[in-house]
Each structure stands twice: as structure tokens, then as C-alpha cells.
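Q: Handing you this structure, nothing more for now.
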Amino acid sequence: ILNTSIVALLASTLVSCGVEDHDHIGAQEQAAGTSYLIAMSLNVRIPENSGEQAWSVRLPYLRDMLRAYDGGRGPHLIGVQEFRRETFEDLAAQLPGYWYRWVDRGDGERLAIFARNDRLTIESWDHRNVSNGARDGSCGWFDAEDPNNRPIQMVRVRDKQSGRRLAFYNTHYPSKNSCERHGMANIFADYIAQ
């Protein structure tokens, strides 16, 4: 597609505390100019922890961290991993003004893409499942270490300010070994190329 930029986020931002350097974020945004888009990848972690790591404790930090961007409105695009139904609903309630789409990987864990409605028009969205059966077997017995589906999400948007069209991708890489992560990266690259 002509005049399409691809934003592929391959790393996750792990958040366990609030953002303290709001001035630094503001300075980066100001230096970027008026046509910037803020894209983020965020692993919210499955809510099985208690105490300081409990979801009810982490949710306000996540909300405050997201609101620290773009004058309190938040990032324009957010790819989120490790949701459950209840944590997805909790975070979605903290992000008014966002379009979102989630994908369940088959075991109740979800990924989601959030896009700010005031800046982006959604043109299309899609996803591809990546199960162990879709891998090429080159990792040998390691392939069996992570039998989970690892969907790849995509949303195509148009920037209302610049008219640019963008494709934004979200996935959650295997964590067991580097062979599976490299294999997933190859599948991801093939999906983007298509």
C-alpha cells in the first residue's frame, strides 16, 4: 500500500511502578514536534500476584503512567499483552476515548490494541494465530516448551492530522528460549511483509 508506514513494536514495557519523570516525557514530546505519534507496547502481567504486585495496586500506576503522555491524553497507540477478561475491562475503563480490539489466544489470556479516537481513524484490523503447529520445528524439543498460541494483531489507521496511514502490530513473544523467540520474529516479519 502506497504511503504506509509500519510501526512494529518488538519489545514490551514492563511496568511495576509509576512514572516519576513527567518533565522528561514532556520535553521529549515537545522536541518531536506537532506531527508525532506516541506508540507503546505494554505487558500488564497476568493478575495472579498479591500484595504490592496485586492488580488492584498496579492498575492506578498503569493509569497514571499512560496519562503522563501527550498532556494527559495518553499514547496514540498501545499494544497490550497478558490480559485476562477482568483486567482488560478494568484498563479499558481507565482509557476513555480509545478504540480497542482484543484477541484471546485460546486459554483466556488476551492481547489488545488501543488507538486514540481523537487522532486516529481505524481503517481495518486483523490478527494471525501462531500456534506451535505453525512453527517450523527447527527448535526441536524446545518447540514443545511453549505450546501456547501467540497471536499477532494488526490495526491499520489514518492519522487525522497528517493523513498518513500506519500499520501497528502487537504480539507477545515466547519466553522459554531464544530459538522460539527467533522463530516468532521470523513469523512476525513474514506477517508484516504480507
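Q: Conditions first: (1) surrounded by fewer than 17 Cβ atoms within 10 Å (Cβ to Cβ); (2) touching a residue at least 12 places away in the same chain (Cβ under 8 Å). Val103 passes all but one, so which condition is the exception?
A: In the conditions (1) surrounded by fewer than 17 Cβ atoms within 10 Å (Cβ to Cβ); (2) touching a residue at least 12 places away in the same chain (Cβ under 8 Å), Val103 misses (1) alone.
Q: Also: Quick check: anything in segment 20-38 modelled with pLDDT of 80 or more, open to solvent by 40 Å² or more (accessible area, probe 1.4 Å) and either at negative phi or in contact with a His (Cβ under 9 Å, 6 or more places away or on another chain) (or both)?
A: Yes, segment 20-38 contains a residue that is modelled with pLDDT of 80 or more, open to solvent by 40 Å² or more (accessible area, probe 1.4 Å) and either at negative phi or in contact with a His (Cβ under 9 Å, 6 or more places away or on another chain) (or both).
Q: Before we move on, is Pro75 crowded, with 17+ Cβ neighbours inside 10 Å, under 26 Å from Arg150 (Cα atoms) and at pLDDT below 90?
A: Judged against the criteria, Pro75 is not a match.
Q: Which one is least open to solvent (accessible area, probe 1.4 Å) among residues in segment 158-194 that are charged (D, E, K, R) and not in a helix (DSSP H, G or I)?
A: Asp159
Q: Test each condition in (1) touching a residue at least 40 places away in the same chain (Cβ under 8 Å); (2) within 19 Å of Val155 (Cβ to Cβ) for Leu95 and report the one that comes out false.
A: (1)
Q: With open to solvent by 30 Å² or more (accessible area, probe 1.4 Å) and either acidic (Asp, Glu) or modelled with pLDDT under 90 (or both) as the only criterion, which of Asp70, Asp126 stands out?
A: Asp126
The values are calculated or read from the model by the stated rules, or taken from the named source; none is laboratory data. Predicted model, so just to flag it, every value in this text is computed and none were measured. Cβ atoms come from the backbone with ideal geometry, glycine included; neighbour counts cover every protein chain shown. Side chains are part of the model used for accessible areas, which takes the heavy atoms of the whole protein and leaves out ligands, DNA and RNA. Shrake-Rupley method; radii C 1.70, N 1.55, O 1.52, S 1.80 Å.
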